[in-house]
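S.K.: Let me begin by handing over the structure; questions about it come next.
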Amino acid sequence: MIRPQLLHNGQIRPSSEFILNPGQVGLLSGWGIFSTIKVVEGVLFEFKRHWARLSRDADLLRVPFPWSADELEDMLLRLVEANQEANATMRVAIVRNTGTMWSGPVTDPEFDLIAFTAPRSNWGSTCKLGIVPNARHAACVFTGTKTTSWAMNLVWYEEAHRRGQDEVVLLNERGEVCECTSANIFACFGDTVATPPLSSGCLPGITRQILVEKIQIPGVQIIERTISLDDLERADGIFITSSTRDLLPVSEVEGLAVQTGDRVRQSLAAEFEKYERDYVAQAVRRAMVGT
């Protein structure tokens, strides 16, 4: 459940307050963008990566996005302080208000910035995955955008839980492994770790970016390549990643005989935790110097 205070267009307000209306086009049409940020010791982990993705998605979906990274970060940190929760999950959304015949009479501002925080989720020690064919369209120009039009993902996620699963593997129109509803997927083949390329239709997740670009372990190679369901059966182990799950091992995939080797994932998880600690420590030091 979200915390008592939220951020709305730069102001901290009670989350129970009614501040939106049906005439905001993006509210009822899903015309907006969002990101989910991990808050660690009061630091917005890898915020500039989140800002860059928001900015890119806003440009593609024609959603106003007027803030620099520093401006938006300052506003969001005020929300962390208001809710007095230094370790949490934050959701940031920018919703477009104008466009189409269904716009309301109020067109100023042309968008709404909404952010709120919630406690960290307990995802368990492993996860079970279902499979959904034709769930991503890799050739679509909007593929890979994190849009507030999220209902299909929520339905697939809810159905997975009804079937005793935790998430689902989404396949693209070519039958290739793409991603989960809110996580990227990795498969380990010996000391080579593969994840689907962005051309598969997957979202450029922040944790995925860090693993591909920043995490280095001698002898371990992280690559992007096409992955099939057969590849998942051949893999020594599988894990999924997101800003809230970090690196979560997979214990089952619906209809497949998968292995649960965890040696490489454990090594990557340890290195990722070290990267996060260093990032947070550096951010805290910069903040202290700036005060």
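S.K.: Restricting attention to segment 74-95, which residues are assigned to a helix (DSSP H, G or I), more than 23 Å from Pro204 (Cβ to Cβ) and of a type in the set (A, V, I, L, M)?
M.R.: First, pick out the residues of segment 74-95 that are assigned to a helix (DSSP H, G or I): 74-83.
Then drop every residue that is not more than 23 Å from Pro204 (Cβ to Cβ), which leaves 74-75, 77-83.
Answer for segment 74-95, where residues must be assigned to a helix (DSSP H, G or I), more than 23 Å from Pro204 (Cβ to Cβ) and of a type in the set (A, V, I, L, M): Met75, Leu77, Leu79, Val80, Ala82.
S.K.: Quick one: which of Gly175, Gly164, Gly190 is over 23 Å from Ile33 (Cα atoms), surrounded by fewer than 18 Cβ atoms within 10 Å (Cβ to Cβ) and touching a Pro at 6+ places or on another chain (Cβ under 9 Å)?
M.R.: Numbers: Gly164 fails: touching a Pro at 6+ places or on another chain (Cβ under 9 Å); Gly190 fails: touching a Pro at 6+ places or on another chain (Cβ under 9 Å).
Result: Gly175 is the single residue among Gly175, Gly164, Gly190 that is over 23 Å from Ile33 (Cα atoms), surrounded by fewer than 18 Cβ atoms within 10 Å (Cβ to Cβ) and touching a Pro at 6+ places or on another chain (Cβ under 9 Å).
S.K.: Now for a different question. Considering only residues that are of a type outside the set (Lys, Arg) and either outside the structural domain of Gly201 (by TED's automatic domain parsing) or in contact (Cβ under 8 Å) with a residue 60 or more places away in the chain (or both), which ones fall in segment 144-154? First the steps, then the outcome.
M.R.: Narrowing segment 144-154 to residues of a type outside the set (Lys, Arg): 144-145, 147-154.
The answer is Gly144, Thr145, Thr147, Thr148, Ser149, Trp150, Ala151.
S.K.: Could you give me the residue pairs with C-beta distances under 6 Å whose first residue belongs to segment 47-73 and is over 15 Å from Pro204 (Cα atoms), whose second residue is polar (S, T, N, Q) and in a helix (DSSP H, G or I) wherever it lies, and which are 6+ apart or on separate chains?
M.R.: Within 6 Å, the pairs are Phe65/Ser55.
S.K.: Further question: Of the residues Arg208, Arg245, Arg263, Arg225, which is under 21 Å from the mean Cα position of the chain (by Cα), closer than 14 Å to Phe189 by Cα and of a type in the set (Lys, Arg)? Before the answer, list the steps.
M.R.: On the way: Arg208 fails: closer than 14 Å to Phe189 by Cα; Arg245 fails: closer than 14 Å to Phe189 by Cα; Arg263 fails: under 21 Å from the mean Cα position of the chain (by Cα).
The conditions single out Arg225.
S.K.: Of the conditions (1) of a type in the set (Ser, Thr, Tyr); (2) out of contact with any strand residue (DSSP E or B) (no Cβ under 8 Å at 6 or more places or on another chain); (3) in a loop (DSSP other than H, G, I, E, B), Ser182 fails just one. Which one is it?
M.R.: (2)
S.K.: Could you tell me how many of the residues in segment 94-113 are aliphatic (A, V, I, L, M) and surrounded by fewer than 19 Cβ atoms within 10 Å (Cβ to Cβ)? Walk me through how you get there before you give the answer.
M.R.: The first filter runs over segment 94-113 and keeps only residues aliphatic (A, V, I, L, M), leaving 94-95, 101, 106, 113.
Filter once more, keeping what is surrounded by fewer than 19 Cβ atoms within 10 Å (Cβ to Cβ): 101, 106.
Final tally of qualifying residues: 2.
S.K.: On to the next question. Quick check on my filter: what residues within segment 144-161 are among the charged types (D, E, K, R) and either over 23 Å from Val253 (Cβ atoms) or buried (at least 18 other Cβ atoms within 10 Å of the Cβ) (or both)?
M.R.: Of segment 144-161, the ones among the charged types (D, E, K, R) are 146, 158-159.
Matches in segment 144-161: Lys146 only.
S.K.: So, in segment 129-143, exactly how many residues are modelled with pLDDT of 95 or more and either in the same structural domain as Val39 (by TED's automatic domain parsing) or buried (at least 17 other Cβ atoms within 10 Å of the Cβ) (or both)?
M.R.: 7
S.K.: Being of a type in the set (A, V, I, L, M), in contact with a Leu (Cβ under 7 Å, 6 or more places away or on another chain) and over 25 Å from Ser242 (Cα atoms) is true for just one of Leu28, Leu76, Leu20. Which residue is that?
M.R.: Details: Leu28 fails: in contact with a Leu (Cβ under 7 Å, 6 or more places away or on another chain); Leu76 fails: over 25 Å from Ser242 (Cα atoms).
Within the list Leu28, Leu76, Leu20, the selection yields Leu20.
S.K.: Do any residues in segment 29-41 that are of a type in the set (S, T, N, Q) have Cβ atoms under 8 Å from those of residues that are assigned to a strand (DSSP E or B), where the two are at least six apart or on different chains, and which pairs are they?
M.R.: Ser35/Arg91; Ser35/Val92; Thr36/Thr89; Thr36/Met90; Thr36/Arg91; Thr36/Val92; Thr36/Ser242
S.K.: Every residue in segment 240-291 that is basic (Lys, Arg) and modelled with pLDDT under 95, please. Steps first, answer last, please.
M.R.: Of all residues in segment 240-291, those basic (Lys, Arg) come to 245, 263, 265, 274, 277, 285-286.
Passing the criteria: Arg285, Arg286.
The values are calculated or read from the model by the stated rules, or taken from the named source; none is laboratory data. From a predicted model like this one, the values you see are computed outputs, not experimental measurements. Positions of Cβ are generated from backbone atoms using ideal geometry, with glycine treated the same way; all protein chains shown enter the neighbour counts.
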